[in-house]
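Comments concern the structure below.
The values are calculated or read from the model by the stated rules, or taken from the named source; none is laboratory data. Note that this is a predicted model, so its numbers are computed, not measured. Positions of Cβ are backbone-derived with ideal geometry, glycine not excepted, and every protein chain shown enters the neighbour counts.
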Amino acid sequence: MAAVVEDVPPAATRDRLTALAILTLMLCELCWLAFGWTAFRLMAFAAMIAVVPCSAHRLGLREAYLLTLCATLTALIFWLHPEPVAAAYTALEQAAFLMAFILLIGLMQQAAMTSDAIRQCGLYLTKQRAGRRYFALFGGTHIMAQLFNLGVVSLIAPLIKRGTEGADTLNPVRERRQLNAMLRGFAWCVIWSPTAVAPLVLSTLLPDAKRGPWIAAGVVIAAVVMVAGYLEDRWQWRAYQPAPGTARPIFPARAYADFAVVCGALIALTVGAMWLFDGSVVFGLMVASPMILVGWLMVQKAGDVQAVDARLREIVLQHLPSAAPLAVTLACSGYVGRAAAALIPAAEWADALGLEAWPGWLFLLSLSVGVALLSQLALSPIMMAVFFGSLVASVPALPVDTTWAALAISCGWALSMTTSPFATVILMAAQATGHTGREMAWEWNWRFSLLTVGVLAVAFWWLA
């Protein structure tokens with residue numbers, strides 16, 4: 001009997017091809033950023049495009065919708081834009097950068113997932129007494145997200161769910177308050193975090209934005225938001241009395257020391273890469289992430305090279321293909337944001353609206369609220385950030401400093417993560433706990449979201 005030839009390769013083969021395309025993309029994007037050779041940039045484009053057919057068996061309706069939108073906008077660019085090739089090339093640059101960035105930064109998360117120190121840090125946060133729990137979860141999530149990114153939600157949300165199970169009638173209240181603190185802590189770290197996608201993307205779109213003042217203002221706003229959220233939480237549950245005699249958990253000093261060492265290593269490697277290649281913070285983080293992965297695994301496996309090799313193979317052959325849908329989503333979001341902005345005559349619109357004469361605080365607040373409102377339409381916050389960032393970059397004269405415009409857009413990103421049931425962090429928490437996104441965003445956090453809009457209005461008035 002003649003052998004039957006399969007037209008479609010098996011899933012395992014396609015996953016290997018996906019992993020190869022992703023590795024090629026990451027390497028070529030790093031080489032492009034380091035050396036600026038056009039050949040690496042074109043190879044990165046080819047590898048990014050190859051990820052789509054190779055991972056087609058993993059993609060869903062969301063990715064199909066975004067890819068269709070990319071194709072539609074590309075057709076419009078070549079029909080309407082005076083320089084279609086340059087506009088499409090710029091959009092591809094943004095897409096390749098975002099896909100490579102999220103995949104490279106995600107490598108640190110893979111090491112954190114198997115770290116016992118990270119698990120102990122998460123357990124300590126969820127076992128705090130009622131009076132300290134909000135600050136512990138908000139602040140702990142805020143800090144751990146610097147390395148763990150969305151992985152901190154995957155870690156802490158199940159711990160909260162597990163710790164609030166049982167017949168106690170107050171457990172649903174405890175679960176809701178802890179989940180809120182975690183979501184808010186993660187959301188508002190993005191306005192200043194050195195490793196968050198929002199500021200790093202905006203830094204590439206708005207190179208005139210100064211990261212020092214931006215981070216300083218972001219830290220202050222996040223601290224005020226934390227206190228405001230705590231007061232809102234205490235007021236809403238003022239009739240709730242915590243059970244007396246709750247034992248204080250033992251502080252895992254060794255675990256937090258290990259976490260601090262990893263953070264220090266990340267900073268040192270990032271600065272080293274920046275100095276060696278005269279690159280940006282973004283580039284430094286992208287170079288440091290795979291180094292942190294290998295070094296952290298070596299520590300976890302006590303120097304067992306074979307065990308480290310087995311874990312690295314698992315990451316390459318299983319994690320990278322499984323991360324393809326998220327990578328395609330972010331790449332499409334970046335492409336759509338830049339392509340849509342290229343089709344809008346930002347300068348003419350700004351002149352028609354008299355934008356230059358607007359009060360600075362009103363312009364900044366409009367950026368934040370605009371990102372949050374459009375996220376209600378199931379548009380990705382990163383897509384909105386890229387879109388608004390591209391528009392701001394195209395406006396010849398702003399009523400405020402570019403630094404504060406970038407901060408306002410990242411604040412809109414943070415705001416969308418507690419207001420939109422379609423935000424990734426909300427969807428991940430919903431999957432881990434069984435609650436719906438609408439419940440967590442619209443029912444649990446509407447007061448907090450309105451309160452943060454007020455905080456932003458005051459902050460922007462002061463900054464502008």
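Key figures for this structure:
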read-out: Selected residue [assigned by TED's automatic domain parsing to the domain that holds Ala457, within 19 Å of Ala393 (Cβ to Cβ) and among the aliphatic types (A, V, I, L, M)] from Ala196, Ala209, Ala216, Ala223; value: Ala209
read-out: Test: residue in the range 393-408 that is under 19 Å from the mean Cα position of the chain (by Cα) and closer than 23 Å to Leu427 by Cβ; value: no
read-out: Wholly within the range 1-111, helices (runs of 4 or more DSSP H) carrying at least 1 residues that are within 22 Å of the chain's Cα centre (by Cα), charged (D, E, K, R) and not assigned by TED's automatic domain parsing to the domain that holds Glu314; value: 11-35, 61-80
read-out: Residues of the range 101-134 classified as among the aromatic types (Phe, Trp, Tyr) and either more than 29 Å from Gly284 (Cα to Cα) or surrounded by fewer than 20 Cβ atoms within 10 Å (Cβ to Cβ) (or both), total; value: 2
read-out: Single match in Ala324, Ala342, Ala310 (criterion: among the hydrophobic types (A, V, I, L, M, F, W, C), surrounded by fewer than 15 Cβ atoms within 10 Å (Cβ to Cβ) and at negative phi); value: Ala310
read-out: Subset of the range 441-452 (residues that are surrounded by 17 or more Cβ atoms within 10 Å (Cβ to Cβ) and either closer than 18 Å to Leu373 by Cβ or basic (Lys, Arg) (or both)); value: Ala441, Asn445, Phe448, Ser449, Thr452
read-out: Qualifying positions in the range 246-284 - at pLDDT 80 or above, crowded, with 18+ Cβ neighbours inside 10 Å and under 23 Å from Lys210 (Cβ atoms); value: Leu266, Thr270, Ala273, Met274, Phe283, Gly284
read-out: Residue check, Ile409 in a loop (DSSP other than H, G, I, E, B), farther than 30 Å from Thr24 by Cβ and at pLDDT 80 or above; value: no
read-out: Residue list for the range 412-435, restricted to those being outside any loop (DSSP other than H, G, I, E, B), among the polar types (S, T, N, Q) and buried (at least 24 other Cβ atoms within 10 Å of the Cβ); value: Ser416, Thr418, Thr419
read-out: Meets criteria (more than 18 Å from His319 (Cα to Cα) and not aliphatic (A, V, I, L, M)) for Pro82; value: yes
read-out: Evaluation of Gly434 against (1) at positive phi; (2) in contact with a His (Cβ under 8 Å, 6 or more places away or on another chain) (one fails), failing number; value: (2)
read-out: Residue check for Ala406: buried (at least 24 other Cβ atoms within 10 Å of the Cβ) and either more than 30 Å from Arg16 (Cβ to Cβ) or in contact with a strand residue (DSSP E or B) (Cβ under 7 Å, 6 or more places away or on another chain) (or both); value: yes
read-out: In the range 24-67, the residues that are of a type in the set (D, E, K, R) and crowded, with 18+ Cβ neighbours inside 10 Å; value: Glu29, Arg41, Glu63
read-out: From the options Arg132, Arg119, Arg62, Arg41, residue that is at pLDDT below 90 and over 21 Å from Val425 (Cα atoms); value: Arg132
